[in-house]
1. Can you tell me how many residues within region 22-38 are loosely packed, with under 15 Cβ neighbours inside 10 Å and hydrophobic (A, V, I, L, M, F, W, C)?
2. Filter region 1-19 down to residues that are crowded, with 17+ Cβ neighbours inside 10 Å and either modelled with pLDDT of 95 or more or among the acidic types (Asp, Glu) (or both), then give me how many there are.
3. Among what's in region 98-120 and is over 15 Å from the mean Cα position of the chain (by Cα) and among the hydrophobic types (A, V, I, L, M, F, W, C), pick the residue that is nearest to Trp4 (Cα to Cα).
4. For region 75-107, how many residues are of a type in the set (Val, Ile, Thr), closer than 18 Å to Gly17 by Cα and exposed (fewer than 14 other Cβ atoms within 10 Å of the Cβ)?
5. Restricting to region 56-66, name every residue that is over 14 Å from Arg112 (Cβ atoms) and hydrophobic (A, V, I, L, M, F, W, C).
6. Could you please let me know if Val56 is assigned to a helix (DSSP H, G or I), more than 16 Å from the chain's Cα centre (by Cα) and not hydroxyl-bearing (Ser, Thr, Tyr)?
7. Within region 60-74, track down each residue that is surrounded by 13 or more Cβ atoms within 10 Å (Cβ to Cβ), under 21 Å from Val40 (Cα atoms) and of a type in the set (A, V, I, L, M).
Amino acid sequence: MIDWFYQLQLWVAVAAGLVALIFGLIGRIPSGFTVALSAVVELGLVIQLAVSISMVFLGFVAKQDTVEFFAYLIVALMVPVGAVFWALIERGRWSTVVLGVGSLTVAVMLVRMWQIWTGSQI
């Protein structure tokens, strides 16, 4: 993982999650804006996947377990997709909350992926 890109992804995921969570809690249904926030989080994960695969091909590996790192990354890729799918199927205020929780879940998973890649513990 590239540190600055990890930091960027983390802040984007937290911001997107909090905005969607607040929108949902004040009663707003999913909109193009809240879905776009989840799409930006997903785009960051897709870029992270491409960067990580490239780094592994160049000889870099996670300090703890590269397979576990990619397992987290693949599951993290599914979270925003599932949240957006839910928001499109059920157009209620709780769907917006689900979008927020999905982005915050990705933020937590990003922290864990960083721990696995760098070998550090928080």
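The values are calculated or read from the model by the stated rules, or taken from the named source; none is laboratory data. Bear in mind that the values here come from a model prediction, so they are computed numbers and not experimental data. No Cβ is skipped: glycine too gets one built from the backbone with ideal geometry, and neighbour counts run over all protein chains shown.
1. Going through region 22-38 one residue at a time, the tally reaches 5.
2. Applying the first criterion (crowded, with 17+ Cβ neighbours inside 10 Å) to region 1-19 yields 1, 6, 9-10, 12-14, 16-17, 19.
Filter once more, so that each one left must be either modelled with pLDDT of 95 or more or among the acidic types (Asp, Glu) (or both): 9-10, 12-14, 16-17, 19.
So the answer is 8.
3. So, considering only residues that are over 15 Å from the mean Cα position of the chain (by Cα) and among the hydrophobic types (A, V, I, L, M, F, W, C), the one nearest to Trp4 (Cα to Cα) is Trp117.
4. Residues of region 75-107 of a type in the set (Val, Ile, Thr): 75, 79, 81, 84, 89, 96-98, 101, 105-106.
This time we only want the ones that are closer than 18 Å to Gly17 by Cα, so: 75, 79, 81, 84, 96-98, 101, 105-106.
Those still in the list that are exposed (fewer than 14 other Cβ atoms within 10 Å of the Cβ) too: 75.
Number satisfying all stated conditions: 1.
5. If the condition is that a residue be over 14 Å from Arg112 (Cβ atoms) and hydrophobic (A, V, I, L, M, F, W, C), then Val56, Phe57, Leu58, Phe60, Val61 are the ones that fit.
6. Working: assigned to a helix (DSSP H, G or I): yes; more than 16 Å from the chain's Cα centre (by Cα): yes; not hydroxyl-bearing (Ser, Thr, Tyr): yes.
So Val56 fits the description; yes.
7. Ala71, Leu73
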